[in-house]
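Q: I have a structure I would like to understand better, so I am pasting it below and will then ask my questions one at a time.
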Amino acid sequence: MSMQRKSVLNLYKTLLYLGRDWPQGYDLFRKRLHKVFTKNSDETDPKKIETMIKHGEFVVKEIEALYKLKKYRAMKRRLKIWDVCVILVLR
């Protein structure tokens, strides 16, 4: 198995794993991901494949950042509510 094929499969599996928490749902994410990978499955130019792999890795980083931001905002919202409760109790 070529290194590019392994990279593509690893990228696909990583994106599927990240898609579990997708806001619009895992099924929509999986269908779109499958559609994109199937559309580009006939590509044979190694340079273009490498470019697509790099783009996919960028997308992985963006999704991870999106999830971290979502968790941060939820935590900040909870702390804000906690601060308001503490202030009301201390009055």
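The values are calculated or read from the model by the stated rules, or taken from the named source; none is laboratory data. Nothing here was measured: the structure is a model prediction, and the numbers come from that model. Quick reminder, even Gly has a Cβ in these numbers, built from the backbone with ideal geometry, and neighbours come from all protein chains shown. Note: accessible area is taken over every heavy atom of the protein model, side chains too, but ligands, DNA and RNA are not part of it. Shrake-Rupley method; radii C 1.70, N 1.55, O 1.52, S 1.80 Å.
Q: Using label points projected 7 Å from each Cα along Cα→Cβ, tell me how many nm separate Val60 and Met3, to one decimal.
A: So the two model labels end up 1.6 nm from each other.
Q: Next question, about the same structure. On full extension of the chain, what length is gained from Val36 through Thr51, given 0.36 nm per residue of separation minus the C-alpha to C-alpha distance?
A: 4.0 nm
Q: How much net charge surrounds Phe58 when only the other residues with a Cβ under 15 Å from the Cβ of Phe58 are counted, with Lys and Arg +1 and Asp and Glu -1?
A: Every neighbour counted, the sum reads -2.
Q: Using heavy-atom solvent-accessible surface (probe 1.4 Å) with all chains present, what is the largest-first order of Tyr12, Tyr17, Tyr67?
A: Highest to lowest solvent-accessible surface, that is Tyr17, Tyr12, Tyr67.
Q: Pick out, from Ile63, Val8, Pro46, the residue whose Cα sits farthest towards the positive end of the charge dipole of the chain, with +1 on the Cβ of Lys and Arg and -1 on the Cβ of Asp and Glu.
A: Ile63
Q: May I pose another question? I want to verify a result. In a Gaussian network model of the chain, Cα cutoff 10 Å, which of these has the top mean-square fluctuation: Leu69, Leu15, Leu79?
A: Looking only at Leu69, Leu15, Leu79, the largest GNM fluctuation is found for Leu79.
Q: Against the empirical 2.2 N^0.38 Å scaling, what ratio does the C-alpha Rg of the chain come to?
A: 1.61
Q: Express in Å², to the nearest 10, the accessible area of Thr38 obtained by rolling a 1.4 Å probe over the protein heavy atoms while all chains stay in place.
A: 70 Å²
Q: Out of Lys80, Lys35, Lys70, any idea which swings most in a Gaussian network model of the chain, alpha carbons joined below 10 Å?
A: Highest fluctuation among the options: Lys80.
Q: Roughly to the nearest percent, how much of the accessible area of the chain is carbon and sulfur, given a 1.4 Å probe?
A: 60 percent
Q: So, one more: Would you calculate a helix-derived [θ] at 222 nm for the chain, using -39,500 (n - 2.57) for each DSSP H run of n ≥ 4 and dividing by the full residue count, to the nearest 500?
A: Computed mean residue ellipticity for the chain: -29000 deg cm²/dmol.
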